[in-house]
Amino acid sequence: MASSLVIACILLQCYSLVVADWNEGDDDPGTLEEVSAVLGRGAELPCNIEPSGKEDRVYMVLWFREGAGKPLYRYDVRGRSFNNAVMWSDTNAFGPRAFFVTGKQPAAALQLDAVQLKDAGVYRCRVDFRNSPTKNFQVKLTVIVPPHSLLLYDNSGREIVEGIVGPLKEGDDLVLKCEVRGGNPAPTVSWFVNDKIVTDGKVEREGENVIVNRLEVIRLRRDQLNTTFKCQASNTKLMQPTEKTIRLEMFRKFRNQQVAYENYNMTCEVIGSRPSSDVTWFREGRKFKRGKVDQDANETVLHSTVLFTTAPEDDGHVLKCQASNPKIDASTIEDSVTLNVVYPPIVTLQLGTSLKPNEIKEGDDVYFECKIKANPREHKISWHHNGQVLAQNMSNGVIFSTHSLVLQGVTRHNAGSYTCAAVNAKGETTSEAVTLRVQFAPVCRLDEPTIVGASIDEVLRVRCEVQADPSDVSFVWQFNNSGESFEVPPEKYATSNGSTSEFRYTPSSERDYGTLTCWGKNKIGRQVEPCVYQLVPASKPSSLKNCTLRSTVNTTGDWLEVECVSGFDGGMPQTFHLEVVDPATSQVRLNLTTSVVPAFRVELASLQQGQAATLQLVLYAANQKGHSDSVVLEDIAIRDAEKRTEWVGGGSTISMNGLSMLVGGMVAGVLVAILIVTMIALRRRHSTPQHLQTSVKQLELTHGDQHRYVVAYQLKPETKQPDILSRISDEPLERDVPSLSYNGPGVMATFMSPCTSPTCSLRSAGSTSVPMRPTTIGFTHSSPPPPPLPPLGVNMNMNGTLRAKEHILSNTIPGPESCV
């Protein structure tokens, strides 16, 4: 018991020493700095870690919460660099959400991700130095909760969800109610009419976390059609306000109106003047000279008619008729009418007036202003970039503000032409395009590294092409390999067109293969990521693979399509070739070449003129170093399209009648084979001595629920007999054989062939032909079939490759023998 008390006392003393160590030098809590963060977003708690002297350095940074004796975060750089600092975060506090960053300006900061409500409070940053005294800094973190909902209601209390209020009648009263829920601190709720803030709303609190702003518009005017009303709620500048915008739809009373660009007559009638009055027309206080005036008068009545074509600028102007008796002073009388000219929007787009168009560079903020004049008022505005509709995306810096478009932190991808379009009841109008130029430092024209193949002592011309604005670029080249790295002398490369540099390089040994990099620089800055060129020994290209053959017979013709996947190009540009060969004469009937992708289309109409019933398709890739191994598709019928479509994969179908006949034929063949084997076995049993008799075995195979096969075979005793025919060569010819497969509903056809055709020798000695011809057909329903048997003269090893060997006749093979 005593020993336990001693241990407890020791532990308590140790704990008090630790606490004392954490609080040593903490008499001065430091200045208090306030930081705000939005719930769920990030926060930065600043901490100045700069030492007092140049020879001093930071040892450790500790973060404490107010009132806590133990740290919740530790940043330890004692005896190590900043990049290798040891960091620890209390899992009961910040855990993995906290990370201390030392490269921030003007001070380092503890970055906190996904801020939670419990994170609010006062924190202390303690900085220990090697020589200088400990410093402390206090940070108060306030967590702001944004409003979680904003709802709009109309006169009848219905929620407005479609973005349109009404339609109301001209002269009606409009009542709008904006209800905001949640938010800490309480948000400010405001109304904007046509993007101008109004203070006519009445703000009320309904409940603990509900704020309502009620806006009333008395006696709607006809010109308020399509007016926009926006309610906005905000309690912080750290994020965009929560807002909703609606448009006013209304029925207007009949009013005389004129359509722009049409001809109209206005008649002024003057009665009772004798002699006839002098009539003058005025528009906005000035004589109206645009129209043609006709007068018709008698002794007491005068009619003056003005004929003119309306224009958008006439809208809202007063057209006045003024009459006076020339014989009587001060006898002037007048009448007037206000023109109501309707027209589609007139739209003008311009770059922000404070911006200099030729000095915008990457990272700058840009804005456009769309000026619109329309009657009736426009109800929709859209923005376009290079002909494509722009969508608002605040996270990417694309912000709409009614008649303005704001682009934050532009990049070279934001350059191009911009337009804005406006729509009203009379139509839609798009502005003239405004070109935005964004200057940027050079970047590679190609994103991926380029592989360049070259032989020893071969002169290479490596072109480094960049995109830049301005395009006056200077270049620097560098060579790297496993043993050395050096900058290329300027006299070894030249610059053309401002944005292209060509480097002449000649590898003289294996050490001269490696990586070439080039950087560009203009007045905006230096290229961040260099253009990379991998220098490798040049070689001929790899063979084509995964070749697919498609066949089609229709009213447009009979044709074949072959498509393959290209392999490595050998470090040089490659081309792809298809040769159509007559297997009987080894004559090339057709030769096709492409440099894009290995895909060919063969029209069979021109090939049916010869005597050959089948064709061979030979495919290969080629570059300056030679051509690849060939892939050969054999036994392709050109006279009977229906038979060809039974085995060609990728585009044809297999006839179900042909499939049934083939399955029936196979079953019949198996039964005949079983009968023959049985008869031979019985005959041998009666004519062979007991010690030489072979035993007949039967093997039953079941495939699925519908196919059952019985295979009979016999076991012969091993006998020593000389070879009747010896092998011609001791070294077999071994080669992987490609396959061409078709997968249809419930059917799979696989085609393989060894190189047994005379066309195997079509290619030159430097290439290897790998022919394919249909030799086996397997059928499957729900499970894969057993591997197909190889054709005669072909052995299959454990790797699944076929070995074509010479004919060997021998009776020394013991064990099972089957005649199937």
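At what distance in nm do the modelled label points of PHE568 and ARG445 sit from each other, each positioned 7 Å from its Cα along Cα→Cβ?
The two pseudo-label positions are separated by 2.7 nm.
When only C-alpha pairs under 8 Å and at least 6 residues apart count, what is the relative contact order of the range 327-371, in percent?
Values: 20 pairs, mean separation 18.1, N = 45.
Relative contact order comes out at 40 percent.
Name the GluC sites (Glu not before Pro) in the range 293-348 that are in a loop by DSSP and that have at most 11 other C-beta atoms within 10 Å, would you?
GLU299
Label ARG290 and ALA668 with points 7 Å out from Cα along Cα→Cβ: what is the distance between them in nm?
Here the modelled spin labels are 9.5 nm apart.
State, as an integer percentage, the relative contact order of the range 433-549 based on alpha-carbon contacts under 8 Å between residues 6 or more apart.
36 percent
Calculate, in nm to one decimal, what GLU249 and LEU307 gain on full extension: separation in residues at 0.36 nm each, minus their alpha carbon distance.
17.4 nm
Tell me the net charge near ALA421. Cut-off is 12 Å between Cβ atoms, ALA421 excluded, with +1 for each Lys or Arg and -1 for each Asp or Glu.
Taking every other residue near ALA421 into account, the sum is -2.
In the range 222-361, what percent of the accessible surface is made up of carbon and sulfur (1.4 Å probe, ligands and nucleic acids excluded)?
Taking all protein chains in place, the range 222-361 shows 47 percent carbon and sulfur surface.
Over the range 319-463, what relative contact order in percent results from Cα pairs under 8 Å that are six or more residues apart?
25 percent
May I ask which residue of PRO490, THR515, GLN534 lies farthest towards the positive end of the charge dipole of the range 475-534, with charges of +1 (Lys, Arg) and -1 (Asp, Glu) on Cβ and the Cα centre as origin?
PRO490
How many nm is it between the label spots at LEU675 and ASP173, if each spot is 7 Å from the Cα in line with the beta carbon?
10.5 nm
Using a probe radius of 1.4 Å on heavy atoms only, what accessible surface per residue do you get for the range 499-593? Whole Å² is fine.
Details: 4590 Å² over 95 residues.
On a per-residue basis, 48 Å².
Just reorder HIS317, HIS413 by solvent-accessible area, largest first, 1.4 Å probe, all chains present. Don't skip to the answer; put the middle values down first.
Values: HIS317 50, HIS413 130 Å².
Result of the area sort, largest leading: HIS413, HIS317.
Kindly provide the trypsin sites (Lys or Arg not before Pro) of the range 228-328 that DSSP labels as loop, not H, G, I, E or B, and whose Cβ sees at most 15 other Cβ atoms within 10 Å.
In loop regions of the range 228-328 (DSSP not H, G, I, E or B), the sparsely surrounded trypsin sites (Lys or Arg not before Pro) are LYS237, LYS253, ARG255, LYS289, ARG290, LYS327.
Using a 1.4 angstrom probe on the protein heavy atoms only, line up ARG97, ARG130 by accessible area, largest first.
ARG130, ARG97
Only Lys, Arg, Asp and Glu count, each charged at its Cβ (+1, +1, -1, -1), so figure out the dipole size of the range 290-431 about its Cα centre, rounded to 20 debye.
In debye, rounded to 20, the range 290-431 gives about 460.
Kindly provide the chymotrypsin sites (Phe, Trp or Tyr not before Pro) of the range 233-326 that DSSP labels as loop, not H, G, I, E or B, and whose Cβ sees at most 15 other Cβ atoms within 10 Å.
Counting only loop positions with at most 15 other Cβ atoms within 10 Å, the chymotrypsin sites (Phe, Trp or Tyr not before Pro) in the range 233-326 are PHE254, TYR261.
The values are calculated or read from the model by the stated rules, or taken from the named source; none is laboratory data. For clarity, every value in this text was computed on a predicted model and none was experimentally measured. Here the Cβ is made from the backbone with ideal geometry for all residues, glycine too, and neighbour counts use every protein chain on show. We work out accessible area using only protein heavy atoms, side chains counted, and drop any ligands, DNA or RNA first. Shrake-Rupley method; radii C 1.70, N 1.55, O 1.52, S 1.80 Å.
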